[in-house]
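A short write-up of the structure that comes next.
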Amino acid sequence: MGVRKYETAEEVPPDMRKLVVKLMVVQADTEFASIQQHRPWLDKAPTLEDRWIEARIVADEARHGLQACRILRDFGEEGQRYIDELLAKREGEHKLDAFNLAFDRWGDVGAFTCFVDRVGVYQLRAFQECSYGPLARAMPLMLSEEQLHLNFGFSVLRRMVKDGSKYYGNSAEAQEAVTKWYPRALDMFGHSNSETSRKAIELGLKRWTNEEARARFIHEVTPLMDSIGVQLPSPEFDRHIL
Ligand SMILES: [Fe+2]
Ligand SMILES: [Fe+2]
């Protein structure tokens, strides 16, 4: 625990190599996809500060995608092939549903960053403790940036509820966005009986089973939504992956 066993891609044993590559492809895909989702709000966000934070988020996600691709690149030709595929992907072609939905309204930006970025943090925390040094060391900065994104998401929802049209929208719009994104965030944890997730825990690339992580997430966001009087739908509502 906490000991970095592998410093180069060549040292990584084959079963772990396969999983690191798979997880980095998913990671990079989500980073690049979210740039496409945020992009329309760079100059449409309600306040000047919001626009600046949107610009920061887009820059952060681009850097996260770059870091995941650097790790892929270390795995040689196979990794490079994946990078080429990732860079060619357009809106609607991404692996996870949450990243194929457009941010039609500003509330989408708030709920997405509050929930979907928060799910990402669960995976990054596990990478931080994994035995592959280059991956583990990329995490602290990524985690601190994600923290900014999810705090921002919550503040958008809070301001929509508390300040209403003085800021943007109203509490009904915030509620609608939460109802739209919460099920997509819960889906991101993956199937409850996932073989990949079991293997990932065994190899130290995940901390909890998908179901445990999902339960922790629900426990984390419930008081947040309570504090602004927004209702979370039931965990079974509108789910695609169970
Ligand atoms: Fe990110
Ligand atoms: Fe993020």
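The values are calculated or read from the model by the stated rules, or taken from the named source; none is laboratory data. Since the model is a prediction, treat every value here as computed from it, not as a measurement. Don't worry about glycine lacking a Cβ; one is built from the backbone with ideal geometry, like all the others, and counts go over all protein chains shown.
Search the range 140-154 for residues being buried (at least 17 other Cβ atoms within 10 Å of the Cβ) and either within 21 Å of THR222 (Cα to Cα) or at pLDDT below 95 (or both), and hand back the single one that is farthest from ligand 2 (Cβ to nearest atom). Of everything passing the filter in the range 140-154, PHE154 is farthest from ligand 2 (Cβ to nearest atom). Of all residues in the range 46-58, at least one satisfies being of a type in the set (Val, Ile, Thr), surrounded by fewer than 17 Cβ atoms within 10 Å (Cβ to Cβ) and under 22 Å from VAL156 (Cα atoms).
On the stretch given as the range 182-220, residues that are under 14 Å from VAL121 (Cα atoms), crowded, with 19+ Cβ neighbours inside 10 Å and touching a residue at least 40 places away in the same chain (Cβ under 8 Å) total 8.
Restricted to the range 150-242, the set of helices (runs of 4 or more DSSP H) holding at least 2 residues that are under 26 Å from VAL58 (Cα atoms) comprises 171-188, 210-227. For the range 45-69, the set of residues classified as more than 13 Å from ligand 2 (Cβ to nearest atom) and touching a residue at least 60 places away in the same chain (Cβ under 8 Å) consists of ALA45, PRO46, THR47, ASP50, listed by residue number. Taking the condition within 30 Å of GLU202 (Cα to Cα), more than 16 Å from ligand 1 (Cβ to nearest atom) and touching a strand residue (DSSP E or B) at 6+ places or on another chain (Cβ under 7 Å), does VAL21 pass? No. Here is a check on your reading of the model: is VAL109 of a type outside the set (D, E, K, R), under 30 Å from LEU19 (Cα atoms), crowded, with 16+ Cβ neighbours inside 10 Å and within 14 Å of the chain's Cα centre (by Cα)? The answer is no for VAL109. Mind checking whether some residue in the range 140-155 is among the hydrophobic types (A, V, I, L, M, F, W, C), over 12 Å from the mean Cα position of the chain (by Cα), within 16 Å of ligand 1 (Cβ to nearest atom) and closer than 28 Å to LYS199 by Cβ? Yes, the range 140-155 contains a residue that is among the hydrophobic types (A, V, I, L, M, F, W, C), over 12 Å from the mean Cα position of the chain (by Cα), within 16 Å of ligand 1 (Cβ to nearest atom) and closer than 28 Å to LYS199 by Cβ.
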